[in-house]
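Report on one structure; see the data block that follows.
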Amino acid sequence: MPHVGVVMGSKSDAEAVQPALDVLQSLAIEYEVSVISAHRTPEKAREYGKNAQGQGIEVIIAAAGGAAHLPGVLASWTVLPVIGIPLANSELKGVDALYSIVQMPAGIPVACVAVGSTGAKNAAYLAAEILGLKYENIRKNYEKYRSELQGASK
Ligand code: RP5
């Protein structure tokens with residue numbers, strides 16, 4: 001059963017989101033992927049947010065570009081942690097998405113990571129940290145990754 005629900009606002013986001021999927025896979029974290037637009041398919045967004053917890057999802061990663069309301073909309077329908085990835089596929093190069101996701105009004109939190117592929121990777125690592133509180137195998141995989149970083153030089 002997938003622990004992480006990865007949602008992107010458009011099929012055109014797939015390439016930018018791929019690093020998140022690669023990291024989840026490298027840590028043996030089960031995930032599912034959905035394409036849901038908060039403005040083109042708002043009913044689908046509502047259903048996803050309302051049903052995610054019942055489906056066994058424990059963390060949602062939501063990626064979107066432009067006005068990027070998807071993470072906030074999903075967060076409004078669930079009490080699961082939502083991690084938003086701002087994508088840089090608009091004329092404003094992701095500054096629009098970054099501001100939209102990071103500036104959630106008080107009361108409904110969305111964790112905002114960096115724009116683009118860096119954020120996609122960190123969204124998956126943050127999901128690992130959250131899930132690692134409950135699942136020993138995920139915590140161990142994540143700790144192994146962190147200890148390997150200490151030996152790495154750039
Ligand atoms: C957002 O609008 C999506 O997340 C995507 O980043 C952006 C553009 O989507 P398309 O018009 O390419 O489908 O909702």
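The values are calculated or read from the model by the stated rules, or taken from the named source; none is laboratory data. Because the structure is predicted, anything quoted here is derived from the model rather than measured. So basically every Cβ, Gly included, is an ideal-geometry build from the backbone, and we count neighbours across all protein chains shown. Just the protein is used for accessible areas: all its heavy atoms, side chains included, with ligands, DNA and RNA removed. Shrake-Rupley method; radii C 1.70, N 1.55, O 1.52, S 1.80 Å.
Cβ-Cβ below 6 Å, separation at least six or inter-chain, first residue in the range 82-94 and more than 17 Å from Gln18 (Cα to Cα) and modelled with pLDDT under 95, second open to solvent by 10 Å² or more (accessible area, probe 1.4 Å) and within 9 Å of the ligand (Cβ to nearest atom): which pairs?
Every condition considered, the pairs that remain are Ser90/Gly65; Ser90/Gly66.
Going by the conditions given, is Ala128 in contact with a Lys or Arg (Cβ under 9 Å, 6 or more places away or on another chain) and either among the acidic types (Asp, Glu) or at pLDDT 95 or above (or both)? Before you say what the answer is, go through the steps one by one.
Numbers: in contact with a Lys or Arg (Cβ under 9 Å, 6 or more places away or on another chain): yes; either among the acidic types (Asp, Glu) or at pLDDT 95 or above (or both): yes.
Judged against the criteria, Ala128 is a match.
Could you identify the single residue in Gly151, Gly119, Gly107, Gly132 that is within 16 Å of the ligand (Cβ to nearest atom) and not acidic (Asp, Glu)?
On the way: Gly151 fails: within 16 Å of the ligand (Cβ to nearest atom); Gly107 fails: within 16 Å of the ligand (Cβ to nearest atom); Gly132 fails: within 16 Å of the ligand (Cβ to nearest atom).
One residue alone meets the criteria, Gly119.
If the Cβ limit is 8 Å and pairs must be 6+ apart or interchain, which residue in the range 100-111 that is over 13 Å from Val73 (Cβ atoms) pairs with which residue that is of a type in the set (Lys, Arg)?
Close Cβ pairs satisfying both conditions: none exist.
With respect to the numbered conditions (1) of a type outside the set (Gly, Ala, Ser); (2) without any contact (Cβ under 8 Å) to a residue 12 or more places away in the chain; (3) part of a helix (DSSP H, G or I), which one is the sole condition not fulfilled by Leu24?
Condition not satisfied by Leu24: (2).
Of Ala67, Ala63, which residue is over 15 Å from the mean Cα position of the chain (by Cα) and aliphatic (A, V, I, L, M)?
Ala67
Sort out which residues of the range 68-104 are assigned to a helix (DSSP H, G or I), within 15 Å of the ligand (Cβ to nearest atom) and among the aliphatic types (A, V, I, L, M), and write them in order of number.
Leu70, Val73, Leu74, Val95, Ala97, Leu98, Ile101, listed by residue number.
Exactly one of these conditions fails for Lys134: (1) open to solvent by 70 Å² or more (accessible area, probe 1.4 Å); (2) more than 14 Å from Val4 (Cα to Cα). Give me its number.
Of (1) open to solvent by 70 Å² or more (accessible area, probe 1.4 Å); (2) more than 14 Å from Val4 (Cα to Cα), only one is false for Lys134: (2).
So that you can scan it fast, the table gives a plain yes or no per residue for (1) under 17 Å from Val82 (Cα atoms); (2) in a loop (DSSP other than H, G, I, E, B); (3) at pLDDT 95 or above; (4) open to solvent by less than 20 Å² (accessible area, probe 1.4 Å):
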| residue | (1), (2), (3), (4) |
| --- | --- |
| Val6 | yes, no, yes, yes |
| Asp13 | no, no, yes, yes |
| Pro19 | no, no, yes, no |
| Ile29 | yes, yes, yes, yes |
| Val33 | yes, no, yes, no |
| Arg40 | no, yes, yes, no |
